[in-house]
Amino acid sequence: MRVLKVVAEGLTTSFRYPHFMHGVQPTFEMPPPATIYGHICSALGEWVSPEGIEFAYHFTYQGKFNDVEHVHVLAPSTGKVRDTQYPKVLEGEVNPFRRTLLFKPRLVLYINRPEWEDAFRSPRYAVVLGRSQDLFTYTSIGVVELVRAKRAYFEHTLAPYQMALQAKQGYVVLMPRFLDYARGRVPTFARYLVLNRRVQTYEFLQFADLSPKSTEFWVDPTTPEVNGAHLGLAFLTFVGEYDDNPLMA
């Protein structure tokens, strides 16, 4: 399978938990699918249909730290601005909060759209991942041919929720899967497995109703070889039925 492979690197990033509003802003350790969709559309310069797009990624960072930021909380007001005759419309206060940031993030993104290579080589908008101030740069862009293999390893990636019953590593998280901008940014959420450590396929196949002899995986043959295996890719989608088991697609 021919896919587009994009490597993006930045200084900081943060993927906000959507249900935290004040006091603290923790970050996901992996970019949510909705963030990946926005990143793709930013490079293309338009909102593209999410139907049929499949993606996988490998995401790492060198450290995590907290920064202090502030927001202006405003409310309607009346009266005059002090020492002037101008009417007062809004008033508020500055609220500090702690935001968790990821230092030196690196994203290796695989998309089943090799025809988008030129768009990523000349992105329409500034390259960011996470917040608008989290600037990134593309350090490598190209098309690679994935191959099928009976062995693979998965690490530093987002995997389908179903894999949680099979793997010995990682944790489950609820993430924004897609924001429907045609309907006022209505969010869709889904559960995923965060694999922040390496797991070999033979480790989790023993917990699944699968035969290691007949099961194959998509791997990137250009990645480092570990114990005779290359990096496996867990392809996910933005819309449609939730991914049954794209590891073995």
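How many angstrom lie between the Cα centre of segment 71-90 and the Cα centre of segment 1-17?
Each part's Cα centre sits 42 Å from the other's.
Under 10 Å, Cα contacts only: if you run a Gaussian network model on the chain, which one of Ile36, Ile53, Ile111 comes out with the highest mean-square fluctuation?
Ile53
How much of the DSSP bridge set in the chain is antiparallel, in percent, rounded to the nearest 5? Kindly include the intermediate steps, with their values, before the conclusion.
Values: 63 of 67 bridges.
The antiparallel fraction comes to roughly 95 percent.
Evaluate E = 1/(1 + (r/R0)^6) for Arg124 and His72, where r is the Cβ-Cβ distance and R0 equals 35 Å; express this FRET efficiency to the nearest 0.05.
Efficiency at R0 = 35 Å is approximately 0.70.
Taking the Cα centroid of segment 116-135 and of segment 138-160, what is the distance between the two, rounded to the nearest whole Å?
Cα centres, segment 116-135 to segment 138-160: 21 Å.
Between Lys80 and Arg185, what FRET efficiency comes out of the Förster formula 1/(1 + (r/R0)^6) with R0 = 25 Å and r the beta carbon distance, rounded to 0.05?
Details: r = 37 Å, r/R0 = 1.48.
E(calc), rounded to 0.05, equals 0.10.
What is segment 24-107 by shape, rounded, prolate or oblate, if you read a ≥ b ≥ c off the alpha carbon gyration tensor as root eigenvalues and call it rounded for a/c under 1.5, prolate for a/b larger than b/c, and oblate otherwise?
oblate
Under the Kirkwood approximation for Rh and a Cα-based Rg, what ratio Rg/Rh is obtained for the chain?
Rounded to two decimals, Rg over Rh is 1.06.
Running a GNM on the chain with Cα contacts under 10 Å, which residue among Leu44, Leu158, Leu74 ends up with the highest mean-square fluctuation?
Maximum among the listed residues: Leu74.
Pick from Val219, Val94, Val48: which is most flexible by mean-square fluctuation in a GNM of the chain where alpha carbon atoms under 10 Å apart are linked?
Among Val219, Val94, Val48, the largest mean-square fluctuation in the Gaussian network model of the chain belongs to Val94.
At 222 nm, what helix-only mean residue ellipticity would the chain give, in deg cm²/dmol to the nearest 500, using -39500 (n - 2.57) for each DSSP H run of four or more? List each step's numbers first, then the result.
Values: 3 runs with 22 residues, N = 249.
About -2500 deg cm²/dmol.
Calculate the spin-label point distance for Val147 paired with His19, positioning each point 7 Å from the Cα along the beta-carbon direction, and give it in nanometres.
It is 4.5 nm.
Between Gln162 and Gln133, what length comes free when the chain is fully extended (0.36 nm per residue of separation minus the Cα-Cα distance, one decimal in nm)?
Answer, rounded to one decimal: 7.0 nm.
Rounded, prolate or oblate: which fits segment 143-192, taking a ≥ b ≥ c as square roots of the Cα gyration tensor eigenvalues, rounded meaning a/c under 1.5, else prolate when a/b beats b/c?
Values: a/c = 3.54, a/b = 1.56, b/c = 2.27.
Verdict is oblate for segment 143-192.
According to the square roots a ≥ b ≥ c of the eigenvalues of the Cα gyration tensor, what is the shape class of segment 92-183, taking rounded for a/c under 1.5, prolate for a/b larger than b/c otherwise, and oblate for the remainder?
Because a/c hits 1.5 or more and a/b fails to exceed b/c, segment 92-183 counts as oblate.
We did not get these values from a lab; they are worked out from the coordinates using the rules stated. Note that the structure is predicted; figures quoted are calculated from it, not measured. Neighbour counts are summed over all protein chains in view; Cβ atoms, including those assigned to glycine, are modelled from backbone coordinates with ideal geometry.
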